[in-house]
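Read the structure below first, then the notes.
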Amino acid sequence: MAVSRLPLLPLLLLAAGGLRAAERSGRSSSAMEELATEKEAEESHRQDSVSLLTFILLLTLTILTIWLFKHRRVRFLHETGLAMIYGLIVGVILRYGTPSSSGHDKPFSCSQEDRPFTTLLVNVSGKFFEYTLKGEISPGKIHNVEQNDMLRKVTFDPEVFFNILLPPIIFHAGYSLKKRHFFRNLGSILAYAFLGTAVSCFIIGNLMYGVVKLMKLVGQLSDKFYYTDCLLFGAIISATDPVTVLAIFNELHADVDLYALLFGESVLNDAVAIVLSSSIVAYQPTGENTHAFDAAAFFKSVGVFLGIFSGSFMMGAVTGVVTALVTKFTKLHCFPLLETALFFLMSWSTFLLAEACGFTGVVAVLFCGITQAHYTYNNLSVESRSRTKQLFEVLHFLAENFIFSYMGLALFTFQKHIFSPVFIIGAFIAIFLGRAAHIYPLSFLLNLGRRHKINWSFQHMMMFSGLRGAMAFALAIRDTATYSHQMMFSTTLLIVFFTVWIVGGGTTPMLSWLNIRVGVDPDQDPPPTNDSFQVLQGDGPDSARRNRTKQESAWLFRLWYSFDHNYLKPILTHSGPPLTTTLPSWCGLIARCLTSPQVYDNQEQLREEDSDFILNDGDLTVTYGDTTITANGSSGPHTATTSLDGRRTKSSSEEALERDLGAADHEVTSRGTRLVFPLEYNA
């Protein structure tokens, strides 16, 4: 037995040695895999840094070129156009100047599954790796998937635009709103933004549906393109963004009413376009044909539009009110840094809160900005007022130029472009007709009730200034999963390029050709026309006309501002009359609790930097030379006016409103005509 067992010892030693060698080999292989993984992570981190550095250098180069253009007074190309050109150059370099990665994607078949998974776990030699869904790839392009890691890195998730870049742009539009001219033209602005956008959407959608039918007839349509897709394209491309035109208007000090009409339309138009696109997506008819017309689905979409818009509006306003209350009833003004940080976070969270609740963040953050400017701004310390305005102005500038740089980059880095010459030409024609179909008819109808008419020069300029920009791009890139959406995105990109470069560059010559006045003081009122002069000096039968003009310009807002001045301003800010004088006597305890002590301490009411006062014909005096003509037709020698004393007793809520809104001590000079706002009222 002992002799027979002796040969087992060498075998056991050999087996143990083999196991140790295999273990060492396994450890070596595992170490090599970990080292390779670390190298890949390091390379990925390096590429991330390079991609972000690319955009920072783009913005830096854009800023330096902007300075050069401003120094040389060059106006044929705006900063957004420059950003797009630099983006195009970098896109060409990345596309054709950087090598592709060595790895290749290998397709795997999952024929048993009937839907894609958002996250996929793949078992590779006992190790599990996580993969996320990027989107659908057509079978014809399965071997043309982007192999350049750098191009993949500079292609951002569309949600980055909505959650990070759009909020500061939209909030700044509301926070920096020139309320005086905006509210004076609010009726026209609402008509252009709501009714005009809807008209433009349906006209463009129907015309593009005809173009799609033509493409199908001539054999240039390789996949499905439904009527609802055409309407969605109409909603996307109806979002105007005349940033180039407005920048030139601001630099040249163009007519303030024209500026207010274009700016107001573009601000509200973005909100309407995004809600309109959401309503079209929500259009789901019952039955087999999900793209046929269904009355029930149509009215459901209308209800979705109204519900989303009103809900987003309320959410933005409520967030602004909450911020105003927090800044009023705390001592945050003693710590300007904390005050500014809270203001920033509350404003940005409005967008995310609305999106999380199923509403539209664009609408919410817009009205949050307007509410913050009207109420919260009055409660901020001097340092925080300056900081918040400068902070959002810088964020707006950087975000907007970042988006336009990315547009230029996307022309070469985006992998799903579908360019159809017929669709592109049809889109340009449809946009032109859609813009004309809502500018000219609506202007005609609005002029029937406006005191200061929208003349033909203004209408032509508004027609010319219908640029497409950041909002249209963000809406188009948000969903590029299908053939139709990819074609819509590519066409939208070309339309933005054309309008920013060609239309934006032609703004200054167009202003000159249309004889639109420039060099206007932003706080200046339009010079009185012959018609308005007749209304001012009317007497007897003309009193009805005078009252009608008064109601025409301010009746709705005077009701609102009377309530706002007497109740909301004292509750939410440190300005306005004490609530003890406006609320009933039985509310004395609540009035004393809600009224800020500063209201009693300050003899002169606090005023906003941007007074949003409303003109009232009954309070207007027109002076020609030494003769003064008042609104009731009386005339006499011109006498100096006195300043308003803070201890003055208010005769009515309207008079208190006008004093609070800053109408009491403004004197405006325009071409030899002086408008004097009286400071004393005769009993």
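Quick look at the values:
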quantity	calculated
Sole residue being among the aliphatic types (A, V, I, L, M), more than 20 Å from F497 (Cα to Cα) and either in contact with a Pro (Cβ under 8 Å, 6 or more places away or on another chain) or open to solvent by less than 70 Å² (accessible area, probe 1.4 Å) (or both), chosen from V218, V211	V211
Residue count, segment 37-79 (criterion: of a type in the set (D, E) and within 21 Å of T244 (Cβ to Cβ))	1
Residue within segment 117-134 that is part of a helix (DSSP H, G or I) and modelled with pLDDT of 75 or more present	no
Top-ranked residue in segment 175-229 [being part of a loop (DSSP other than H, G, I, E, B) and among the basic types (K, R); ranked as modelled with the highest pLDDT]	K224
Top-ranked residue of segment 410-430 - restricted to ones that are part of a helix (DSSP H, G or I), open to solvent by 20 Å² or more (accessible area, probe 1.4 Å) and of a type in the set (A, V, I, L, M, F, W, C), ranked as farthest from K213 (Cα to Cα)	F412
Residue, farthest from I170 (Cα to Cα), within segment 320-362, restricted to residues that are charged (D, E, K, R) and either surrounded by 16 or more Cβ atoms within 10 Å (Cβ to Cβ) or in contact with a Lys or Arg (Cβ under 7 Å, 6 or more places away or on another chain) (or both)	K328
Answer from A472, A476 - the residue that is under 27 Å from L166 (Cβ atoms), out of contact with any Phe, Trp or Tyr (no Cβ under 9 Å at 6 or more places or on another chain), touching a residue at least 40 places away in the same chain (Cβ under 8 Å) and open to solvent by less than 20 Å² (accessible area, probe 1.4 Å)	A472
The listed residue being of a type outside the set (K, R), over 19 Å from the mean Cα position of the chain (by Cα) and assigned to a helix (DSSP H, G or I), out of V326, V365	V326
Which listed residue is farther than 28 Å from G576 by Cα and crowded, with 18+ Cβ neighbours inside 10 Å, from L306, L395	L395
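The values are calculated or read from the model by the stated rules, or taken from the named source; none is laboratory data. Computed from a predicted structure; not experimentally measured. With ideal geometry, Cβ positions are generated from the backbone for all residues, glycine too; neighbour counts draw on all protein chains shown. Note: areas computed on protein heavy atoms with side chains; ligands, DNA, RNA excluded. Shrake-Rupley method; radii C 1.70, N 1.55, O 1.52, S 1.80 Å.
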